[in-house]
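Read the structure below first, then the notes.
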């Protein structure tokens, strides 16, 4: 009921780390080593598995003939399952073991994308297919004006973000094989030969069939097989653990309740789901499998349901296995290893080996596809452009497909080396889930560019570049460096920056909050920069071509172009494509193009211009669009063919014409002005309907080709140009048009309508005229002039009145300020003068009480002490009520940790409750609120005092709970209760109910001041009570996020307890009141304190300056001297820096408490309770 929920914090993730390598090195696998301590078996198993995958890939690569639709759909869905890596099979269990359902959003995100975003996914795949892109970088670069900057930035950033994720897979391979073999040494080197085999395996798919393609049938089949194996492993091993090793006991409710309580708040889960959804679209392996390997047809509609089902099945036993692992191992090994360790520890060797193969297949599939996809991106977007531009390749024939194959294979090796280096440098002491979340947060930054590029035509390349730089930069600083251990999160600039980010970002988990902030920054910068730096005309045309391809109309246009053939032989294009596509593939494509285009292809014949475009399209599927454009240009340069212009014409001509025409027509028709365009002969060639409506022309004068002279003559005859000869008026207006100059003319018609006519020449075309009805504007201007004149007179009159009123208000304000200062002085004097004699009386009574007396005298002394205490409480209460009613009570609102207020109160009143044999229960809390801690303490103390006072037996409960953004602080008891019709009476001054009078005495002021405090703090009070059963008092406080609140000055006014012995403790005591000096010094001497009493600050300073000062000084605040107690303490410390001090004062103002806090001085409020004084001396001495 009380307290805050757990959050997804990196420190919680660290609870299920692999313990570095220590658990492998130092015996954490001993119980497993006895069962499967056979390194050779593990190595042979993994080697056989890799060999089997290679054989399957080779067989399918060489297999001829089309595949059946159902098998294509199944393979495509299993290819999408490359999303599930070793993190899914192993790391999800580790995350669930410490954070409950926190693993689920990682899969909810992709599930929601596939189930709810069908139109977007279909559009995504269609655009990629239409433009024949090869990677995410190629897709974004093609969308945003074929930007080389974007392709380079995306390639470098995707590679940088993917390396930690690859390191995660290397870590999983090392640790799982070491665990199963029972050999720590094996875990140190096994991943290196595995990566070597992976490099050979991945590079074998490049150039295998003589073509350098970004796609690979063998790779797709390999991933499908591995996806099937890891799903079987997850289900079979999960069933074995839950039903054969646990007998299904894991399904008991209490264990699931523990997991639910450990789950982070919903806002953190939602953030992780957003990151996962973005990663499902942008991960290199997901782009390759979902976009490049898409077979078409019904594959996507089927995969939209099958892929979410796969994700649900593979995670079916995550929580049960985590629960069983926690019960069995209790944290002795990493939870990431539960899937292997549980069956191995119980003798189920086959299930353990199957789990090993499942995790191994998940890791290797991810490594294969990611390295393959990244190699394509790096080669096409970095290496080939660099060689072509800076390698001095004068003849394109010298740059053939063998270099592309070499670059791709070299890129694979470099990527895997980087992954192994990252594993050695950062992954060994990090959990799978932690590394995965960091990579997901990074890869999600490409989603804004991708999504906005598809759904928003006005997104610009400048916006994307700036958004990526801002988002990825903040991700590096706030997420990657802290979460992967590169910087210390306990201090420094980055730690401070993260704390500021957490204050403004929703959520409770630092990783989730930082990721959301960086992603939001990316989106805002992308959108803002796109508005501020709009796309160029060329980029806009490219966006039109990319997003609205009119390919059939483009082909028809090309066939109708008379000069559609250029002086390039078909054989030249064939020779250009064969090194990349292979001889057979090139022949098949040329035959298909000839059949589709309806023309014969002869190697010695001239090339149809359409064939140039088709060849570039084929080449872009291998090299990417930018590199393909460069290769085509260099190959045809010697024939002086401006390929860029020709291809741009083919790309954009028909689309831009149709698009621009549609935009122009829509814009003109929707203008509020009438628009007419006249050619150089002043004949109407374009107009909108508003032109006809405003000029009130007959239909025959608004037809295309009508002379402007006829239109002007018709208007002049209606008298709209004023009196005069019609011919002269028409000639004047025609002369204005013929000058072809900008002109503005305002005409008022006889009916009162006013038209504004603007003419502007169009070079080489004619003139455009716009007609705007400004009648309302002119009327408003005329009305405004009249109104201004009236207002000026009224303003002058009102100004004089206001000046007089302001003078009176200033005088009243000065009077109110004087009254307020007088009130403040009165309350200060009252606090001091009323409490000063009372303080002396209590000290004298306490001094008398310490002397030996008879029982009757002791009883009298106790009653006197109780009476003085009651007078003390009554005076303080009355003063507080007066301050609150007068509005001069100091209020210090700040962020307060509730536990710091409630825990001392619970300890204080628990002793009082135990005296009445009552049980007081306090539920600790980590919540923070915004309030005045002193006034809140007063309220809660009153609640507890009433609960103890009016409860005869039973219990008292103190705690708090969250409710709609607020904290409800409650004190409940099993006392006498209050009748519903008498509830309002308990808040009245000096009003006590009859049932309360029987149990305890009081003044009836407690709840009255509580209500005033609540009103001053703007906190809501609630009271619920049932007579004979108890009462629940509540106060509602505004909740704030967790921050570190400054520690208040120490107030020991309520401390009690015997403390340590004060015998022979030397101190100096100063007070300007003789009675106080006599009473307090007598009390201190009876405690054995060696006290020197002074009456003035000068006496005290003289002692310290002459070397006779003591280590402890007790001073009153008011000293009847220009120097107060705190100033005296500061002056004495100048003589003795180690001086400790205690301040006694009747003041409770914040400025006094702040000064005491700055000087580290303990404060006791008057009237002084001897027990509190003794406790304070024990604490300070």
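The values are calculated or read from the model by the stated rules, or taken from the named source; none is laboratory data. Here the structure is a predicted model, which is why all the values come from computation and not from measurement. No Cβ is skipped: glycine too gets one built from the backbone with ideal geometry, and neighbour counts run over all protein chains shown.
Summary table
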quantity: Which numbered condition residue 1015 fails, given (1) at negative phi; (2) crowded, with 16+ Cβ neighbours inside 10 Å; (3) modelled with pLDDT of 80 or more; calculated: (2)
quantity: Qualifying residue in region 61-72 (condition: in a helix (DSSP H, G or I) and modelled with pLDDT of 75 or more); calculated: yes
quantity: Subset of region 914-945 (residues that are modelled with pLDDT of 85 or more and over 20 Å from residue 968 (Cβ atoms)); calculated: 914, 917, 918, 919
quantity: Residues of region 722-748 satisfying the condition of being over 21 Å from residue 677 (Cα atoms) and touching a strand residue (DSSP E or B) at 6+ places or on another chain (Cβ under 7 Å); calculated: 748
quantity: Failed item, numbered, when residue 75 is tested on (1) modelled with pLDDT of 85 or more; (2) within 31 Å of the chain's Cα centre (by Cα); calculated: (2)
quantity: Of the criteria (1) surrounded by 20 or more Cβ atoms within 10 Å (Cβ to Cβ); (2) in contact (Cβ under 8 Å) with a residue 60 or more places away in the chain, which one residue 1178 fails; calculated: (1)
quantity: From 135, 92, 98, 129, residue being within 17 Å of residue 381 (Cα to Cα) and in the same structural domain as residue 526 (by TED's automatic domain parsing); calculated: 135
quantity: Those residues of region 328-385 which are touching a helix residue (DSSP H, G or I) at 6+ places or on another chain (Cβ under 6 Å), more than 18 Å from residue 621 (Cα to Cα) and free of Cβ contacts under 8 Å to residues at least 60 places away in the same chain, in sequence order; calculated: none
quantity: Index of the failed condition, residue 268 passing every other in (1) closer than 18 Å to residue 92 by Cβ; (2) modelled with pLDDT of 85 or more; (3) surrounded by fewer than 20 Cβ atoms within 10 Å (Cβ to Cβ); calculated: (3)
quantity: Subset of region 493-529 that is under 9 Å from the mean Cα position of the chain (by Cα) and outside any helix (DSSP H, G or I) - its residue that is surrounded by the most Cβ atoms within 10 Å (Cβ to Cβ); calculated: 507
quantity: Output for region 739-759, where each listed residue is more than 22 Å from residue 777 (Cα to Cα) and surrounded by 14 or more Cβ atoms within 10 Å (Cβ to Cβ); calculated: 740
quantity: Single match in 1128, 1103 (criterion: within 53 Å of the chain's Cα centre (by Cα) and touching a residue at least 12 places away in the same chain (Cβ under 8 Å)); calculated: 1128
quantity: Helices (runs of 4 or more DSSP H) contained entirely in region 129-221, each with at least 1 residues that are on the phi < 0 side of the Ramachandran plot and at pLDDT below 80; calculated: 148-181, 186-189, 191-204
quantity: Looking only at region 1134-1155, and only at residues there that are part of a loop (DSSP other than H, G, I, E, B) and either crowded, with 22+ Cβ neighbours inside 10 Å or touching a residue at least 60 places away in the same chain (Cβ under 8 Å) (or both), the one that is nearest to the chain's Cα centre (by Cα); calculated: 1149
quantity: Subset tally (residues that are outside any loop (DSSP other than H, G, I, E, B) and crowded, with 20+ Cβ neighbours inside 10 Å) for region 923-941; calculated: 7
quantity: Residues within region 1003-1012 that are under 16 Å from residue 1034 (Cβ atoms) and either in a loop (DSSP other than H, G, I, E, B) or at pLDDT 80 or above (or both), tallied; calculated: 2
quantity: Qualifying residues in region 868-911 (those that are buried (at least 16 other Cβ atoms within 10 Å of the Cβ), in contact with a helix residue (DSSP H, G or I) (Cβ under 7 Å, 6 or more places away or on another chain) and at pLDDT 70 or above) - the one farthest from residue 1168 (Cα to Cα); calculated: 896
quantity: Subset of region 430-479 (residues that are touching a residue at least 60 places away in the same chain (Cβ under 8 Å), surrounded by fewer than 22 Cβ atoms within 10 Å (Cβ to Cβ) and over 19 Å from residue 528 (Cα atoms)); calculated: none
quantity: Residue that is surrounded by the most Cβ atoms within 10 Å (Cβ to Cβ), among those in region 298-313 that are in contact with a helix residue (DSSP H, G or I) (Cβ under 6 Å, 6 or more places away or on another chain) and farther than 21 Å from residue 106 by Cβ; calculated: 299
quantity: Subset tally (residues that are part of a helix (DSSP H, G or I) and modelled with pLDDT of 85 or more) for region 1085-1126; calculated: 11
quantity: Subset tally (residues that are modelled with pLDDT of 70 or more and over 30 Å from residue 263 (Cα atoms)) for region 512-539; calculated: 14
